[in-house]
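The values are calculated or read from the model by the stated rules, or taken from the named source; none is laboratory data. Keep in mind it's a predicted model, so treat the numbers as computed, not measured. Cβ: placed from backbone, ideal geometry, glycine included. Neighbour counts: every protein chain shown.
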């Protein structure tokens, strides 16, 4: 049945926090010698002609009384409950992932019953809903550790195997974990899906440089080494950020900044010299030098001395795993956010501000913002970007001059200090570390503001940033958490 025709590369990405909740719920309703099923409802994003990614926007695990039959040989859901799910989510334009278990340990295979049921189901949902949703199916062993995934065509005639990642990123499993999975020797404590290994676990090719990071797990370190990060803005914040994230283990970079080093930059760009200024180094080449100083071999750094508005950089950004913007203007942040939404890439926004009040006491702030992947809120609808200033920054020089004279542009040549930039950059690196390893939940986004001299962090309630009618991000469906205990007795997040 498997179609041999060349098809686009398809991947399913489940955030670590969502998978943890989903798996716990599956285990809660899993009875001895009985299969259990759960559903993910996904947004489809076509990156290019040859690459498609799916991202869950909601999940559902039925409780025991939602089944007509639940046994080791198969499952049958109550029809009213099943139809409720379809109307609620597939009508929103989402695709569906069925995940069910088979008894036993080791990598499971799809059964003949699975083939027949899924073939009919793929055809049914495609013919019953206007958006013609696709069916992705996953089968796990009873411990929910080992798995296979596939996607069906809309006619239910053929399928192809797909990759599934417990991450927003496309990074391969480490070789020894892959071997363990194939051999069926991966145990619960070493589980890839949990993302954290026993810190005492030794590997033959352990890198001594990261020996003291073992507590975060071999999988996390492998993901960091395979991560491709696009950094937009290689100045006071961006350069510190690159140095810190590079030393954490990130070796693949795309650097974008049109500016050259100046003497005024030297107080907050580590490792920069007057000689570099005299030789008119581009900032991207300077940051590349910082990374190559960490990794004399094994790194891949593309230095692109141009604006993020340049069309030539878009495909580089689309191919990266993560976008980080650390610029000093609103226009570049707006463009970075638009590209993150267009290519469905996680975005981390870093910035600082110093404001001297009438009492001559400076107030200093740094801000780290991560909008949720795929919409819900973004930098524009959250008023983190001033669209008026972004528009003026894109205007011709003479209009900018007039606007500045009229008081529309403030903060030209903003004051900056190294230590404040360092707080912002290091916090951004910590957030990314949490994003990769799974110990920080970013499914709803994040917006943190540091205030000095009060030395306090303010954490925005991101529910207040959600803007359903945002011009930029509202096209991505965002589903609120709901629960219907009386009628359907299900868990929905």
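May I ask you to verify whether residue 490 is in contact with a helix residue (DSSP H, G or I) (Cβ under 9 Å, 6 or more places away or on another chain), buried (at least 19 other Cβ atoms within 10 Å of the Cβ) and at pLDDT 85 or above?
Here the answer is no, as residue 490 does not meet what is asked.
Does residue 4 satisfy being surrounded by fewer than 19 Cβ atoms within 10 Å (Cβ to Cβ) and at pLDDT 90 or above?
no
Take the conditions under 26 Å from residue 112 (Cα atoms) and either assigned by TED's automatic domain parsing to the domain that holds residue 158 or modelled with pLDDT under 80 (or both) and apply them to residue 60. Does it pass?
Spelling it out, residue 60 is indeed under 26 Å from residue 112 (Cα atoms) and either assigned by TED's automatic domain parsing to the domain that holds residue 158 or modelled with pLDDT under 80 (or both).
Wholly within segment 255-340, which helices (runs of 4 or more DSSP H) include no fewer than the required count, namely at least 1 residues that are under 24 Å from residue 52 (Cα atoms)?
Once the helices (runs of 4 or more DSSP H) in segment 255-340 are filtered for at least 1 residues that are under 24 Å from residue 52 (Cα atoms), what remains is 314-319.
Using the structure shown, decide if residue 347 is touching a strand residue (DSSP E or B) at 6+ places or on another chain (Cβ under 6 Å), crowded, with 18+ Cβ neighbours inside 10 Å and without any contact (Cβ under 8 Å) to a residue 60 or more places away in the chain.
Answer is yes for this residue.
Residue check, residue 22 against (1) part of a strand (DSSP E or B); (2) at pLDDT 90 or above, all met but one. Which one?
Status for residue 22: all satisfied but (1).
Assess whether residue 47 counts as being touching a residue at least 40 places away in the same chain (Cβ under 8 Å) and closer than 19 Å to residue 86 by Cβ.
Taking the combined requirement at face value, the residue does not satisfy it.
Only residues that are at pLDDT 95 or above and under 23 Å from residue 17 (Cβ atoms): list them for segment 145-161, please.
Selection gives 149 alone.
Of the residues 251, 314, which single one is touching a helix residue (DSSP H, G or I) at 6+ places or on another chain (Cβ under 8 Å) and touching a residue at least 40 places away in the same chain (Cβ under 8 Å)?
Result of the check over 251, 314: 251.
When segment 328-346 is examined, which residues are found to be in contact with a helix residue (DSSP H, G or I) (Cβ under 6 Å, 6 or more places away or on another chain) and under 20 Å from residue 258 (Cβ atoms)?
Result: 329, 330, 331, 334, 339.
Being in contact (Cβ under 8 Å) with a residue 40 or more places away in the chain, surrounded by fewer than 13 Cβ atoms within 10 Å (Cβ to Cβ) and within 21 Å of residue 57 (Cβ to Cβ) is the filter here, so list the residues in segment 433-471 that pass it.
If the condition is that a residue be in contact (Cβ under 8 Å) with a residue 40 or more places away in the chain, surrounded by fewer than 13 Cβ atoms within 10 Å (Cβ to Cβ) and within 21 Å of residue 57 (Cβ to Cβ), then 471 is the only one that fits.
How many residues does segment 138-160 hold that are in a strand (DSSP E or B) and farther than 17 Å from residue 7 by Cα?
5
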